[in-house]
Every structure is written in C-alpha cells, then in structure tokens.
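Notes follow once the structure below has been shown.
The values are calculated or read from the model by the stated rules, or taken from the named source; none is laboratory data. Note that this is a predicted model, so its numbers are computed, not measured. Here Cβ is always computed from backbone atoms with ideal geometry, including for glycine, and neighbour counts include all displayed protein chains. Protein only, heavy atoms only, side chains kept; ligands, DNA and RNA dropped before computing areas. Shrake-Rupley method; radii C 1.70, N 1.55, O 1.52, S 1.80 Å.
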Amino acid sequence: MDFEGRTAFITGTSRGIGKAIALDLADRGANVVSTGKTVDGREDLPGTIVETTEEIRERGGDSIWCQLDVRDDASVQTAIDETVDAFGGIDFVVNNAGAIHIAGFEDTPPKRFDLLMDVNARGAYATTHAALPHLRESDHAHVVTFSPPMPARPAPGKVAYALSKYGMTFIAQSLAGELDADDIGVNALWPVSAIESEATRHFGMGTPEDWRTPQILCDAVAELFSRDPTDCTGNAFYDEELLSEAGVDDLSSYAVVEGSEPGPMSAQLFDPEYER
C-alpha cells in the first residue's frame, strides 16, 4: 500500500504501538508527524518522539516531531499548525495516545478518572477537532481511534478506564455521522489479542505467549487507510476482522513467541464473552 504524499498525524509515538505505526506508515510513503510528551530520554522508559522521527529519516522517510499534550488545547493546535506548515495538510489522524488504569471504583479516585477521560476520550476529541478543517481539504481523509466496540454490558472493576475508551468509540461513530457529506472516514480499531508494549509489560497483561507484535495493528491501520473513506466510516473494527476482509487469515506471523496462539485477551477486557 502506497501512501506517498499523504500526511499522518499520530499521537503517542515515543514507543510501542504508536512508534510502530509511525515507522510503518513512513515506510509506506507517508509524511509522519511524531507527537507526544517525551522529548528527553529516561533510563526507566525507552524512546522519545525525537528518536522516532530520527529513525524515520534514517530509513529514508519524511517526518517532523511536535511535543504534544493532548490535554492542552493550545498544545494540540500548535502541533496541528506545525504539521500544516511543514507538509501542507493532513490526511490521516491516528488517536493512539492513551492512559491506562484498570482498577475498581474505590481504587480510582476522581483525579485519576479525570486523567483517563482527558487523555483518552477528550484527547481524541480535541485532536480530531483541531485537525478537522485540514481533513476536509484532503481527498482521502481518515481518522482512527484505538478503542473497542461499544459494550452491551457494564464494566465492573474498570468503570473509569472502560468509560474513557468507550467514549473514544462513541465520538468516532458519532462524528462519522456528522461528517457523512465530507468524505472523511472515521472509525475505531481494537486488537483482539494483547499487543506487546510497555503497557502490557507494566500492567502484567499476560506473558509473551499471550501477545502479538504491533505489526498486526500496523497492517490493520494500513488496510483501513487504503479504503475509500466514503464507504468505510462509522465502524468499530477488530484488527482480525479487517485483516480477514483483506484476505489475511493466517495470523501466526504476528505472535511474539513463535508457535504460540495468543488468546482474545484484549477483546475480552471489554467483552468477557467474546469468542473468535
């Protein structure tokens, strides 16, 4: 898939899924805007947005980095403005930045609730809102939020986190309806299995045998962005669903541990009855 000349604005590219998608889209020809809060390296947490941009350039791609706090509207607008100044427009918005806190109600004080909502739901809202005028100028505009399909049941034990992630999907699907006449595809995407990242390691979400590499989301995003935005909008996809529609049924190459068969841990985080 060739995205030559397209510009992708991605939140949270210092490491993990966001960085992998930034590198992948750049390898496919897109101009990539690497954004996030981490500019200076830390011994306890690898990666910065600067390093992501430098790696893209070393691989022959075109990229800039913009320090960004999705909770700060001025910071978001500045990053969008710098993107347009550098590349002339925006075609793809990837709302990847996220906060995680999986805990019960009593162990989630209101301040933590505010953080989850501000980074996840409001962050996706603010970023997409600032980018919208430029997306309207694109002839192939897509927005994706990394959030699960809407629930059919409550989420005891993780109400704050679930609400913030469901909010991202609700925003995406509602916005898709509003922009029906603007030829902008707006969708949500979520992995069925847990993806190897600092988050899965830090929060003890299984073992390497339970994980897939970020490449499965890279390929799912590329498939999504290759589609006609007028025909592909308002959906909440699982990665496996998108890849299956693209003719990819053997997912064994995405396993972190060769020969393992990662279960649907990520899907079941929000839908305990999910089965393949």
Inset, instruction - Net charge near LEU45: determine it from the other residues with C-beta under 14 Å of the C-beta of LEU45, scoring Lys and Arg +1 and Asp and Glu -1. - result: 0
Legend entry - Student exercise, the stretch 2-73 dipole from Lys, Arg, Asp, Glu Cβ charges, in Debye to nearest 20: 140 debye
Inset, instruction - Please list 176-183, 26-33 highest first by mean number of surrounding beta-carbon atoms within 10 Å per residue. - result: 26-33, 176-183
Legend entry - Long-range HN-HN contacts of VAL32 with modeled amide H, under 5 Å: ALA8, ASP62, SER63, ILE64
Legend entry - Surface accessible to a 1.4 Å probe, per residue, for the residues of the chain, Å²: 45 Å²
Inset, instruction - If a/c stays under 1.5 just call it rounded; otherwise compare a/b with b/c (prolate if a/b is bigger, oblate if not). Do that for the stretch 20-163, with a ≥ b ≥ c from the square roots of the Cα gyration tensor eigenvalues. - result: prolate
Inset, instruction - Determine the percent antiparallel among the DSSP beta bridges restricted to the chain, to the nearest 5. - result: 5 percent
Inset, instruction - Run the quick spin-label model on HIS202 and GLU106: label points 7 Å from Cα toward the beta carbon, then report their separation in nm to one decimal. - result: 2.6 nm
Legend entry - the stretch 112-221, accessible surface, carbon-and-sulfur percent (1.4 angstrom probe): 55 percent
Inset, instruction - Quick one: net charge around ALA176, please, counting Lys, Arg +1 and Asp, Glu -1 for every other residue with C-beta under 15 Å from its C-beta. - result: -4
Legend entry - Hits among lysines - C-alpha to C-alpha of LYS37 under 18 Å, sequence gap 8 or more where chains match: LYS19
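For the chain, what relative contact order do you get, as a whole percent, if you take Cα pairs closer than 8 Å and at least 6 residues apart?
Values: 573 pairs, mean separation 45.9, N = 276.
Once divided by the residue count of the chain, the mean separation gives 17 percent.
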Inset, instruction - Treating cross-link reach as a plain straight distance, find the lysines whose alpha-carbon is under 17 Å from the alpha-carbon of LYS158, omitting any fewer than eight places away in the same chain. - result: LYS111
Legend entry - Surrounding net charge for ALA97, when Lys and Arg each add one and Asp and Glu each subtract one, Cβ distance under 13 Å: +3
Legend entry - Residue of ASP73, ASP107, ASP210 that the Gaussian network model of the chain assigns the largest fluctuation, springs spanning Cα pairs under 10 Å: ASP107
